[in-house]
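Report on one structure; see the data block that follows.
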Amino acid sequence: MTLNFAKKSLLGAALSGLVSLSAQAGTVEVLHYWTSGGEAKSAAVLKQLLEQEGHQWKDFAVAGGGGESAMTVLKSRAVSGNPPGAAQIKGLDIQEWADLGFLTELDAVAEKAGWDSMLPGVVSDVMKYEGHYVAVPVNVHRVNWLWANPEIFTKAGVSVPSTWDEFFVAADKIKAAGYIPLAHGGQAWQDATVFEAVALGVGGAEFYRKAFVEHDQTTLTSPTMVKVFETFKRLRAYIDKDAAGRDWNIATAMVINDKAAMQIMGDWAKGEFAAAGQVPGKDYICVAAPGTQKGFTFNVDSFAMFEVKDDGDKQAQADLARLILEPEFQETFNLNKGSIPVRTGLPRDKFDSCAHTSMDDFVATAKSGGLVPSMAHGMSTTSAVQGVIYDVVTNYFNSDSLSAEQATERLAKAVKAAI
Ligand code: GAL
């Protein structure tokens, strides 16, 4: 009875054009970590589009910003021979999973839709393993942003900083005016997100690339790295005492709710401002993190498909992969998520001023050499190297046991051992 009803309503919807039923309907279990307000709205777009094709979306959300918990869960499911049909994995992790033989090739979908001609090379390279597509990119997030509350800046009588020197001057005045200068969550990935912004601002793109992509020992042990650690540590004085363990979106809410003046975070934070009905340029300001105007740390989200047996489920996976790069999804999803479409050549009129800046800077920095992969978000290095950088950075930031010189030395040694 219920089943009949469900079938009838699906058929009715299909006939009325709401649903286009695929030849074979199936289910995709989708592992992701998009659980904040803006993120959940974004994930819902994909679910809806998949269901419109007649497939089922089995939601497998694992909370935890940056996805560390989600990756732990994914590993245990894969090891027990029961991975989900699709998982939000990205960067060099894609190569590792493909190398282990877990991922399904997406070449048929990619060729039909022409992914090669619509994706920037810096993105499609990462999605391919031995020349074959094994993942589909969703978006481009810029990580090196500073989010600011204009009202607090006005009250403190300072302007939004564009250098680290200006940042500290402004932060002192904001503190004196009774506000928290920097909203932050004390979690290793958030510490690393701020650290890489400081590194880009203090050292520039070439220094950043040598340190976090090439792992060059001379750069890792350089006086510039000591300065990066010193500058990074100074931020501690401007973060409130309750930061430990705080989720990133709670920190964003502090800027939204006039408690804190700034947050250094990728533009998934914009998804929170948008979900709260705030408008850039009016309710909040987005600028490049201090000193990083000529740089762009990119973070591309993507999904990979794991081998499944059922033909309907295979079709559902292929349809999911195809939908992700179609204009409708690219636009609606990225408007909610705070990122920009990964597919080039789409209309930009619905996007806000922060997204326009990001789109322009992505193109400009790709030409100038300022476009660098985010270390904190798994774009620049293996998860092993990323893990040791996280450890050194977070230990240094959250205790006083190491000097900047000692942290520099420890970082260089740890990276060398983990390569
Ligand atoms: C990033 C991810 C974003 C966002 C953020 C917070 O690593 O790429 O999509 O979700 O973490 O969880």
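For the stretch 207-311, the strands (runs of 3 or more DSSP E) that sit wholly inside it and include 1 or more residues that are open to solvent by 10 Å² or more (accessible area, probe 1.4 Å) are 285-288, 296-299. Taken together, the residues in the stretch 41-66 that are within 16 Å of the ligand (Cβ to nearest atom) and in contact (Cβ under 8 Å) with a residue 40 or more places away in the chain amount to 6. A residue that is within 16 Å of the ligand (Cβ to nearest atom), of a type outside the set (S, T, N, Q) and more than 25 Å from Thr344 (Cβ to Cβ) occurs nowhere in the stretch 109-125.
Scanning the stretch 189-206 for residues that are surrounded by 21 or more Cβ atoms within 10 Å (Cβ to Cβ) and among the aliphatic types (A, V, I, L, M) gives Ala192, Val194, Ala197, Val198, Ala199, Leu200, Val202. If you check Thr154, Thr104 for being farther than 30 Å from Lys294 by Cβ and open to solvent by 10 Å² or more (accessible area, probe 1.4 Å), only one passes: Thr104.
Could you grab me the full set of residues in the stretch 78-97 that are touching a residue at least 12 places away in the same chain (Cβ under 8 Å), open to solvent by 20 Å² or more (accessible area, probe 1.4 Å) and more than 16 Å from the ligand (Cβ to nearest atom)? Walk me through how you get there before you give the answer.
Taking the stretch 78-97 first, the residues touching a residue at least 12 places away in the same chain (Cβ under 8 Å) are 78, 83-97.
Among the residues that remain, those that are also open to solvent by 20 Å² or more (accessible area, probe 1.4 Å) are: 83, 90, 92-93, 95-97.
Within the stretch 78-97, Pro83, Gln95, Glu96, Trp97 qualify.
Per-residue answers, yes or no, for (1) surrounded by 14 or more Cβ atoms within 10 Å (Cβ to Cβ); (2) of a type outside the set (A, V, I, L, M); (3) in contact with a Ser or Thr (Cβ under 6 Å, 6 or more places away or on another chain):
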position	(1), (2), (3)
Thr344	no, yes, no
Met359	yes, no, no
Leu371	yes, no, yes
Gly378	yes, yes, no
Gln386	yes, yes, no
Val393	yes, no, no
Asp400	no, yes, no
Val415	yes, no, no
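For the stretch 316-332, residues that are in contact (Cβ under 8 Å) with a residue 60 or more places away in the chain, of a type outside the set (Asp, Glu) and open to solvent by 60 Å² or more (accessible area, probe 1.4 Å) total 1. With respect to (1) in contact (Cβ under 8 Å) with a residue 60 or more places away in the chain; (2) in contact with a strand residue (DSSP E or B) (Cβ under 9 Å, 6 or more places away or on another chain); (3) over 24 Å from Ala276 (Cβ atoms), the lone exception for Val160 is condition (3). Restricting attention to the stretch 40-77, the residues that are open to solvent by less than 30 Å² (accessible area, probe 1.4 Å) and β-branched (Val, Ile, Thr) total 2.
Scan the stretch 299-342 for residues that are touching a strand residue (DSSP E or B) at 6+ places or on another chain (Cβ under 8 Å) and within 16 Å of the ligand (Cβ to nearest atom) and the total you get is 16.
The values are calculated or read from the model by the stated rules, or taken from the named source; none is laboratory data. On a predicted model such as this, the values are computed, not experimentally measured, just so you know. Cβ coordinates were reconstructed from backbone atoms using ideal geometry, including for glycine residues, and neighbour counts include every protein chain displayed. When the accessible area is computed, the model is the full protein with side chains, heavy atoms only, and any ligands, DNA or RNA have been set aside. Shrake-Rupley method; radii C 1.70, N 1.55, O 1.52, S 1.80 Å.
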